[in-house]
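Q: The structure follows.
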Amino acid sequence: MYNVGNAEPGSCLPWEPNFDCCPEFADLDPGLQLRAKSLAWSTIRYLSGGRVGNCPVQLRPCLRPEPCSSCGDGWLNPVVDSSGNWVNCARLDGTCSCCDMCEIVMPGQVAEVTQVRLDGYTLDRQLFRIDNGNRLVRMDGMCWPSCQNLGAPAGSIGTFDITYIPGIYPTEAGLWAAGVLACEFAKACSGEKCRLPANVTTISRQGVSMDIGGGMFEDGTGIREVDAYIESVNPHKLKTPPKVWSPDIEAPRHRITTSSAVKWPTGPTGPT
C-alpha cells in the first residue's frame with residue numbers, strides 16, 4: 001500500500017458507483033453519501049487484496065541514466081552499458097543522462113493515470129497511454145525527461161510528477177458492487193435494516209459515524225452481488241497484490257510523494 005498522507009475528503013473516491021439498485025441513495029444527506037461511498041471503496045480494495053484502485057498516488061519519476069553516444073555537446077563521462085562495456089556518454093550536466101526515456105515502468109499495476117505534469121504544465125491525456133497495465137508511454141513524439149529537481153515542489157519548473165490510481169479499474173460490475181455496498185453502509189449509518197454483517201453498529205445518526213466490530217468481513221460481505229465481484233478479482237483471497245522480486249533486477253528509483261495530501265488534478269494546461 002502506498003501512503004499518500006491525509007488526503008482531503010473525497011480524494012479516495014476514484015469513480016462514482018452505480019446506484020441503479022439503490023435510487024434512494026441520491027436523496028440522502030451529502031455527508032452520509034460521501035462516507036458511505038468511501039467505506040464501500042475501502043472495503044472493496046481491502047477484500048480484493050489491494051487489486052481494485054482506491055486512493056490516488058503521486059509519483060516523482062527518478063529514472064536511471066542510460067548511456068548514449070550521440071547526444072550532442074556535453075561532458076564525456078565513462079559509464080557501463082547494459083552489456084558490461086565501458087563507454088563514454090555525453091551528458092548535459094554532471095548527474096543526469098542526456099538520453100530521453102520514452103516509457104516509464106510504473107511500480108505496480110495502474111488503474112488510471114489522472115494527471116501528468118511537466119515543468120508545471122499538465123500534459124493532455126491524448127498524449128500518453130498505458131501499455132501492459134504498468135508502462136506509461138508518451139505519444140507526441142517527445143520522450144520523458146530522465147532527471148528532475150526532486151528538491152522542488154511537484155508542479156514547479158524543472159519537475160515531473162504523475163498522479164495515478166494503483167490497481168485495476170473496477171469495470172461496470174465493480175461500479176455496481178460499490179453502489180450496492182455504499183447503499184448498505186448508508187442504511188447502517190441511518191439505523192435502518194441492512195445486509196451488512198451484524199457487527200456493524202450505529203454510533204450516531206446525526207454525526208454519520210459507525211463502529212465496525214472485530215473480524216469484519218472475514219468471510220466476505222454477505223452480500224451476494226458484492227462477494228461475486230470480489231471473488232472474480234481475488235479468487236484466492238489474497239491480502240495484498242502479489243509481487244515478483246529478483247536480486248538481478250534493479251528496483252525502480254521512483255519516489256512516492258507523501259509529504260502532503262494528494263489532491264485530484266487541477267491547474268494550468270499548456271505546452272511542455
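The values are calculated or read from the model by the stated rules, or taken from the named source; none is laboratory data. Everything numeric here is computed off the predicted structure, so don't read it as measured data. All Cβ positions, even for glycine, are placed from backbone atoms using ideal geometry, and neighbour counts span all protein chains on display.
Q: With the condition kept exactly as written, say whether any residue in segment 175-195 is modelled with pLDDT under 90, within 20 Å of A228 (Cβ to Cβ) and not hydroxyl-bearing (S, T, Y).
A: Scanning segment 175-195 turns up at least one residue that is modelled with pLDDT under 90, within 20 Å of A228 (Cβ to Cβ) and not hydroxyl-bearing (S, T, Y).
Q: Failed condition for P153, given (1) modelled with pLDDT under 95; (2) outside any loop (DSSP other than H, G, I, E, B), with all others met?
A: Going through the list (1) modelled with pLDDT under 95; (2) outside any loop (DSSP other than H, G, I, E, B), P153 breaks only (2).
Q: What residue, among those in segment 102-136 that are in a strand (DSSP E or B) and over 16 Å from the mean Cα position of the chain (by Cα), is farthest from G50 (Cα to Cα)?
A: If we filter segment 102-136 for residues that are in a strand (DSSP E or B), which is where we start, we get 103-105, 110-118, 121-122, 128-131, 135-136.
From the residues that got through so far, the ones that are over 16 Å from the mean Cα position of the chain (by Cα) too are 103, 118, 121-122, 128.
On the way: E103: 25, L118: 29, Y121: 31, T122: 28, F128: 25 Å.
Checked segment 102-136; the qualifying residue farthest from G50 (Cα to Cα) is Y121.
Q: When you check W86 against the structure, is it touching a strand residue (DSSP E or B) at 6+ places or on another chain (Cβ under 8 Å) and either modelled with pLDDT of 50 or more or under 23 Å from A178 (Cα atoms) (or both), yes or no?
A: yes
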